[in-house]
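The values are calculated or read from the model by the stated rules, or taken from the named source; none is laboratory data. Owing to the predicted nature of the structure, the values given are computational and were not obtained by experimental measurement. Cβ placement follows ideal geometry from the backbone for every residue including glycine, while neighbour counts extend to all protein chains displayed. Accessible surface is based on the protein model in full, side chains and every heavy atom, while ligands, DNA and RNA are left aside. Shrake-Rupley method; radii C 1.70, N 1.55, O 1.52, S 1.80 Å.
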Amino acid sequence: MLRTMLSKSPRIAIRKAMLPAFLAVLTSFLGCAATPSESMKAAVSARDCAKFNASLMDPEFETLGRGESVWRYRQHTGDRSFATSVEDGRFYFSRVDDEPWGVLSQKIADPLLSGRTVRYSADLKGDVSDLVTHGFGAKSGLYLRYGQGRASILAEHEPNIGQWDWQRVALEVRVPEGFDQVYVGFIYQGGEGVLSARAPKVELLECLP
């Protein structure tokens, strides 16, 4: 019995010595592996990309102000403090009263959004004062709302205040798994002036060349 125990003990010791190395290799492998949602998500076909790219309705703002328009206006509270108008496919957003912010947006709903990165862009031109009487911060530009809790990205691009000529700007965000809609549009949160916009567009990042 003693000989049997002595003959097995070196093997046990070797196995114990190898265990930390084995665990380290296993941990490294698991850390590098893609999560199931990443590895199992199918690529977006060219046809689906084209369909999604057309999901933003009325990019020339022709229905703005009508009851059936996809573009919806809202503001902080109180009497209307921002004017909206359209001319030759260009949208104009200007301050006319004291409320801190106003938003014009529309909902984009598509199952492809879940777990993917969406890019929202438009041409903007600004003449927006940074002199404000509120504490929200002076900025104006693109608006993107997504996911749980209505997380929003508010004009987080440059430029977004002051004076600038037409320039293409964009926002990007990864939509959480299980969410299939976003809201895109424009926010005015500056002082006196006007924000001009044209050619808004939504795209999936993996559809871009």
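Pairs are defined by a Cβ separation below 9 Å, a sequence spacing of at least 6 or placement on different chains, a first member in region 42-61 that is closer than 21 Å to Glu177 by Cβ, and a second member that is open to solvent by 80 Å² or more (accessible area, probe 1.4 Å); the pairs so defined are Ala43/Glu206; Val44/Glu206; Cys49/Glu206.
Among the residues of region 87-104, just one is touching a strand residue (DSSP E or B) at 6+ places or on another chain (Cβ under 7 Å), farther than 14 Å from Ser140 by Cβ and part of a strand (DSSP E or B), namely Arg90. Taking the criterion of being out of contact with any Lys or Arg (no Cβ under 9 Å at 6 or more places or on another chain), open to solvent by 70 Å² or more (accessible area, probe 1.4 Å), farther than 12 Å from Glu99 by Cα and modelled with pLDDT of 95 or more, the only residue of region 66-87 that qualifies is Glu87. So for region 43-57 (the condition being surrounded by 14 or more Cβ atoms within 10 Å (Cβ to Cβ), at pLDDT 95 or above, of a type outside the set (Gly, Ala, Ser) and not in a helix (DSSP H, G or I)), does at least one residue qualify? Scanning region 43-57 turns up at least one residue that is surrounded by 14 or more Cβ atoms within 10 Å (Cβ to Cβ), at pLDDT 95 or above, of a type outside the set (Gly, Ala, Ser) and not in a helix (DSSP H, G or I).
When the criteria are applied in full, Gly141 meets the requirement of being touching a His at 6+ places or on another chain (Cβ under 7 Å), in a strand (DSSP E or B) and not hydrophobic (A, V, I, L, M, F, W, C).
Can you say whether Phe136 is among the aromatic types (Phe, Trp, Tyr), closer than 27 Å to Val173 by Cα, in contact with a strand residue (DSSP E or B) (Cβ under 7 Å, 6 or more places away or on another chain) and touching a residue at least 12 places away in the same chain (Cβ under 8 Å), as far as the supplied structure shows?
No, not satisfied.
The number of residues in region 178-206 being among the charged types (D, E, K, R), loosely packed, with under 13 Cβ neighbours inside 10 Å and either farther than 26 Å from Asp130 by Cβ or at pLDDT below 95 (or both) comes to 1. The set of residues in region 106-142 being open to solvent by less than 10 Å² (accessible area, probe 1.4 Å) and either closer than 30 Å to Asp79 by Cα or of a type in the set (Asp, Glu) (or both) consists of Gln106, Ile108, Tyr120, Ser121, Ala122, Leu124, Gly126, Val128, Ser140, Gly141, Leu142.
Condition check ((1) in contact (Cβ under 8 Å) with a residue 12 or more places away in the chain; (2) of a type outside the set (Val, Ile, Thr); (3) in contact with a helix residue (DSSP H, G or I) (Cβ under 9 Å, 6 or more places away or on another chain)) across all residues:
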| position | (1), (2), (3) |
| --- | --- |
| Ser69 | no, yes, no |
| Tyr73 | yes, yes, no |
| Val86 | yes, no, no |
| Phe91 | yes, yes, no |
| Ala109 | yes, yes, no |
| Lys125 | yes, yes, no |
| Leu144 | yes, yes, no |
| Gly147 | yes, yes, no |
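When region 170-209 is filtered for residues that are touching a strand residue (DSSP E or B) at 6+ places or on another chain (Cβ under 9 Å) and more than 18 Å from Ile108 (Cβ to Cβ), the ones remaining, listed by number, are Tyr188, Gln189, Gly190, Gly191, Glu192, Gly193, Val194, Leu195, Ser196, Arg198. Only one entry of Gly102, Gly78, Gly65 meets the criterion of being touching a His at 6+ places or on another chain (Cβ under 9 Å) and not aliphatic (A, V, I, L, M), and that entry is Gly102.
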